[in-house]
Structure formats: structure tokens, C-alpha cells
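One structure below.
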Amino acid sequence: MNKFTKIVFKKEIMDTFRDKKTIFSSIIIPIIIFPLIAFVIGLGSSDMVKESKEPVQIALLSEENNGLEMFLKSNDNVNIIKTKDYKKTLDKLEAKVVVKIGEDFDEKIKNGEKPEINLIYDDTSQKSEMAKSRIEQIILSYTNHIVVKRLENEGINPQILEPVDIKSSSVSKEGGTGLLLFSMLLPFMLTIWSAVGGIPAATDLGAGEKERQTLEPLLTTKANRISILMGKYFTVVLAGIIATTASLIGFLIATKINPEFLGESATLSIKSIAIITLVCLEMALAFSSIELAISFYARNFKEAQTYLSPVSILLMVPAYLTMFVDGRAVPEYYFHIPIINTIGIIKEVIVSVYDFKHILITTGWNLVYIALFLMITVKMFEKETVIFRN
Amino acid sequence: MIEVKNISKHFKDVVAVDNISFKVEEGKVFGLLGENGAGKTTTLRMLATMLKPSTGTANIRGYDLIQEPADVRGEIGILFGGETGLYDRLSARENIEYFGLLNGMTKKDISVQIEKLSRSLEMEDYIERRVGKFSKGMKQKVALARSIVHNPSIMFFDEPTSGLDVTAVRIVHKFIKELKSEGKTIIFSSHSMNEVEKLCDEVGIIHKGKMIEVTSLEGLKEKFKEENLEEIFVSLVGEKNE
């Protein structure tokens, strides 16, 4: 860094981080966004979990006493609500399902006929739907009991119904579902933040400088334009890195608030962190220069914000496209596509795949973009029609 | 000394400045007088190396404008427009110091200069405060101090009083007079005849990008047999408009 670049960098850092707007959008928002999502998801899911552990509330419509009614009444997982108007009870979700047992139930079972059971529920309610599945399972256990009895009466071993014994076990050492979520969300988040984290700073350092009319005196100092530009560029890069780090902190807080959100055991090795840092830094270096160029092109702050918002949308596309790509099977050609290659690398290292060929290809491409974008930015900053556009 | 040689600036098809030449002797105040859009700001921007001339050049204290722009910048200080262009989140001292550093000064030299300037511009009470909440007059003083912190031998003022109230205008005028007494060479653009009459030794009248008259104030009055500068200006520009 040359002398003037250092002076500009130091001043811009001081100025940028005295700005409440930048602190809010680059530090506070990235820190709170994930804990907030985790908290809300936690609230919603814990309500569901609570519901699934409590006895399922049903209303019973039965003409006469029968075996199934007895079974349901004696089952600890079932709570029968007494009601005259079952529709109203269902509407109010006092009973989540209405079980209607057909006439002559026991008689028909005895004769080998098929008596009817109607489950009336509300498919627009998640709770009613869940209760329907639970009561189905409970009734199934009753009917299984009947089947076993019938087979035994015929002298057949009920085991005949289970020709194979299926057992499943995961080879994953840690994480499981948590790790799966972790590998979906972390690359998405890190890539986005390292690319767009510098936008608030870039807006202020380019268009903001024009709007305040501080650019003209700046251009008449002894410092040449490249030094001034580089000082500003490194500030935007640092703002991007800080925003990314802030979002990572937010991510870690989120896992503490709601461990089920991402899986407690999802951890990263030093090697993984080093590789992720490298590719994220490359993203910040590439995007910061293009953001600064756009900001300098804009006539004022508002115009810069309008031009820069599509950058975030542009990033969302590859981020969403790769959301469900498996870290163990990232297609080779992905590493030649901008943004997607960075996401690919992060996905790989999360599941402990360290393919240095992939890292090399991605870094190679990223270096090309950094050089290209910087060249464009320098050219723009030297253009009178850009600097004096207003 | 400043010697402007056949300088022009074209923006696509528009000729903003058309083959202008003039000289300003050391220690003199040169007034660039013209209507809005006449080419005053473009001329000063070229002399301050912000814009590159389409043709021509200038010699500023021995440095060529085109060949040695960085050296030229070391010799000049600028104050453009009535807007002060300060960083609101920095203190007055930090604003001035930043420009001192960018002009190659050491922190020690800057500190000495700031002490001197804050005394002469009466800024001692608020030099450590952030400029965001300053009044226009206070901001103007900080901007003046910033433009002169590196002790340039040449100053360019582009309509420095536009949009200012009477008090702020007086601050600027007093400041320019002090610079003149210190022997600095000044180019001062304005569309106010009064201002030019009050402050300048020589005047250049610029109209539609062309320099239509360069002379001393006395010379101008003698030539047109008229005491009122406004009348002279109207008759000069009026002729060209017809």
C-alpha cells in the first residue's frame, strides 16, 4: 500500500465506522438476522413438537359400544372430547379429528366384513393434519392386533407378514440432518455477505463523496487518482469482510439459540476455515471494485442505491440454484462458473472434501475477475464523463 | 506565475472552453468574470488538473499542466462553489489534517498550520468538534483552512460566495484579501461585478467559452469610458449576443 492509499484507507475506515447507517447494515443486521430466523423457526417448531407429544384430541361418533371405542378410550395417547356439535368442535380445533365408527362395528369384524371408519379433519390446518396421521397410526395398531388374532385362529404365524427385516443406520460421523442444513445455508450466506457486505460503504465512498462535493478538492491534492481509489477500494473490501464475519457470528448465535436449526455438532476444522476465508476474500475483492465503480458512476447516493440493488438479486440466483447441491458430488464444471464455484468450494469443505484442483480452478477464475473488475474501476475513475457526470 | 496557453475543452460536440489564453503575475488576483455556463468552472477545473484540456496547456509556477500534473497540484489550493464539501463525521481538525496529509505534509507541520489557521479564522472553540452540526459560516471557515493548509502559492476560487449569507461572504472576502497580502497568486471566478471590483487586480471576461477581454480594472474602465463595471460587462456580452 503506498503512502497516499494508506492515508485514504485510514480516513475512510474512521469515517465509515462513524456512520450509524453503515454500522447497522454491515454489522448489526448480519449479526441479528440468523438468530432471529432461528428463534422464529424454533418458536414455530417447538409448538409443533409440543403438540406431537401431547395426547391427540379427538371427538368420537359411535352408535354403540365397540372394541375400537374401548381401545381408544384406554389409550394414553388419545384424549376424547365430549361434544354434541362435532363440526363446531373441529372448527375451533378443540378436537383435531373426528373419528366416526360405522354401525355394527364389532359384528362386522367378527363376520370378516369391512366396517367403516371415517376420519373427519381439516386439511387447511397443520395441527388437524398431524392429528389425523397420529390417529391413523393408533387405529392401525388396533387393526394389526385383529389381523394377528385372525392369523393365529387360522394357525398361521403372523411373522409371515414381515418377510424381511429392514434396519437403517447413517454412516455420517456427526451432524446428520443438522449438517445437511448447515451445508445448505452456510455457503449461501457467506458468499452473499462477502459479495454484498461492502455495498453500504461503496455507496458512501463513491456517490456519497460526489453528493457531499468532497471529490473535487480530493482530486486536486498531491495524491494521484489510483492511490485515492485503492484506499477506498480496500475500505469497501474490509467492510465486506466485517459484514461476513458478523453474519458468521450471527450464525453461531443462531445455533446456540436453537440447536435444532442447524445441528449442534456441525463444526469446521481450521483447514476448512482457511479455505473458506480464502474464497470469501476473493469474492469480496472482486465485488468491492465493481460496487465502487457503479457508485462512482451514479450521480448521487439514491442513484447508487438503485444501481447497486440488482447486484444482490444477481447473487441470489446462483445461490438458490446451488442450495441443494450435495457437497460430496459438486459437478466439475461448477468450478468454472463465477459465484457458483465459490459456493461449491464451501459446500465441499463443510463435508470435509478438500479437492485442491477445485480450489485452484476457483481461485484462478476469481483472480481473473478481480483483475478485470479492478481494471474497469480504474478506467472509470479516470474518466471525466464518469467523475463529473453530474 | 500562471500562463494559460490556448486552452480548450470539448465535451462531445459542445465547446465549453474555446482557445483561451491569459497570464497572471505572481501575487496578483485575477478575476474570471462571466455568466453561468460561460466556461469559468471548466477553465478552473482544467487548471486544477481535474479535467484534461482537449488542446493547449498552461504553465503553473514552472510546471506544465499536462506533463507534471502532480507537481501542479502541490502548488495549488482550491475552493469550489458555495458548498463547503466537508466530511460531516470528521472533526474540523480531522478534515483539515486529511487534506494536509494528502498534500504530502507531516503530521507535525499540519498541527502547526492548524494552530495558526484556527487562530486566524477564530475556530479554536470548535476545531475538535465534528462538522456535521456546524453553521454555514463555521463550515466555510473549515473549508478555507483546508484549502490553504499546505500553504500553496496559488489559489483557485470558483464562485466561493454563491449561496452564502452576508456574514459568510465577508469571511471569504477577508480571507482572500489576507492571501493577497501574503503574496499569493489567485484566480477567482464570479458572476458578481461587485466582488470582482472589490478583490481583483485584473479581469478576464469569458463568454460562451471565449475570452473576450483581458485587462486591468482601470484599463477596462478607461477603454469603455464607464465607471460601472456592470455596464461594461453588459455592453461587452451584449455585443456578442447580438
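Each value in this text was obtained by applying a stated rule to the coordinates, not by laboratory testing. Nothing here was measured: the structure is a model prediction, and the numbers come from that model. Counting neighbours? That spans all protein chains shown, and the Cβs are built from the backbone with ideal geometry, glycine included.
Contact order for segment A:1-135, expressed relative to its length and based on alpha carbon pairs under 8 Å spaced 6+ residues apart, stands at 20 percent. For segment B:53-76 and segment B:151-180, what is the separation of their C-alpha centers, rounded to whole Å? If you average the Cα positions of each part, the centres end up 23 Å apart.
Near A:I13, once Lys and Arg are set to +1 and Asp and Glu to -1 for all other residues with Cβ below 13 Å from its Cβ, the sum equals +1.
Expressed to the nearest 5 percent, the antiparallel share of DSSP beta bridges inside chain B is 50 percent. With no solvent and one point on each alpha carbon, what is the Debye value of log10 I(q)/I(0) for chain A at q = 0.07, 0.09 Å⁻¹? At q = 0.07, 0.09 Å⁻¹ the computed log10 ratios are -0.53, -0.71. For segment A:1-64, the pair-distance distribution built from all alpha carbon pairs, in bins 10 Å wide starting at 0, is 16, 19, 18, 14, 11, 9, 6, 4, 2, 0 percent. Among B:N194, B:N151, B:N19, the residue with the largest mean-square fluctuation in a Gaussian network model of chain B, with springs joining Cα atoms closer than 10 Å, is B:N194.
Which trypsin sites (Lys or Arg not before Pro) in segment A:299-385 pass both tests, a DSSP loop state and at most 16 other beta-carbon atoms within 10 Å? Walk me through the numbers on the way to the answer.
Details: sites: A:R299, A:K302, A:R328, A:K347, A:K357, A:K379, A:K383; in loops: A:R299, A:R328, A:K383.
Sites meeting the loop and neighbour criteria: A:R299, A:R328, A:K383.
Share of antiparallel DSSP beta bridges in the protein assembly as shown, in percent to the nearest 5?
Taking every DSSP beta bridge with both residues in the protein assembly as shown, the antiparallel ones total about 50 percent.
For B:H207, nonlocal amide neighbours, meaning residues 5 or more places apart or on other chains whose placed amide H falls under 5 Å from its own, are B:I212.
Quick one: work out the % antiparallel among DSSP beta bridges in segment A:55-161, nearest 5.
Close to 35 percent.
Sequence-ordered 3J(HN,Hα) estimates for segment B:8-22 from the Karplus curve with 6.51, -1.76 and 1.60 and θ = phi - 60° stand at 9, 9, 10, 10, 6, 8, 8, 9, 7, 10, 10, 6, 9, 9, 6 Hz, glycine and proline given as x. Centroid-to-centroid, using Cα positions, segment B:1-45 and segment A:321-350 are 58 Å apart. When the Gaussian network model of chain B links Cα atoms closer than 10 Å, the mean-square fluctuations of B:M155, B:M50, B:M138 top out at B:M50. Between segment A:265-305 and segment A:189-264, the alpha-carbon centres lie 7 Å apart. In order along segment A:212-223, the Karplus-derived 3J(HN,Hα) couplings, from 6.51 cos²θ - 1.76 cosθ + 1.60 at θ = phi - 60°, round to 6, 6, 9, 5, 4, x, 4, 6, 9, 7, 5, 5 Hz, and Gly and Pro are given as x. Taking the charge dipole of the protein assembly as shown about its Cα centre, with +1 at Lys and Arg Cβ atoms and -1 at Asp and Glu Cβ atoms, the residue from A:N118, A:I146, A:T191 reaching farthest to the positive side is A:T191. Annotation: amide H of B:Y126 has no partner in the under-5 Å range at sequence separation 5 or more or interchain, hydrogens built in the peptide plane. The percentage of C-alpha pairs in segment B:148-218 whose separation is greater than 14 Å is 64%. Treating the Cα atoms of chain B as identical point scatterers in vacuum, please give the log10 of the normalised Debye intensity I(q)/I(0) at q = 0.11, 0.17 Å⁻¹, two decimals. Debye output, listed in q order: -0.58, -1.28. Residues in segment A:272-286 carry Karplus couplings, in order, of 4, 4, 4, 5, 4, 4, 4, 5, 5, 4, 4, 4, 4, 5, 6 Hz; the curve used is 6.51 cos²θ - 1.76 cosθ + 1.60 with θ = phi - 60°, and Gly or Pro positions show x. Put simply, the amide H of B:L32, placed in the peptide plane, has neighbours under 5 Å in B:F188, B:S189, B:S190, B:G204, leaving out anything fewer than 5 places away on its chain. Considering only A:V148, A:V97, A:V349, give the residue with the highest GNM mean-square fluctuation for chain A, with springs between Cα atoms whenever their separation is below 10 Å. Ranking A:V148, A:V97, A:V349 by mean-square fluctuation puts A:V148 first.
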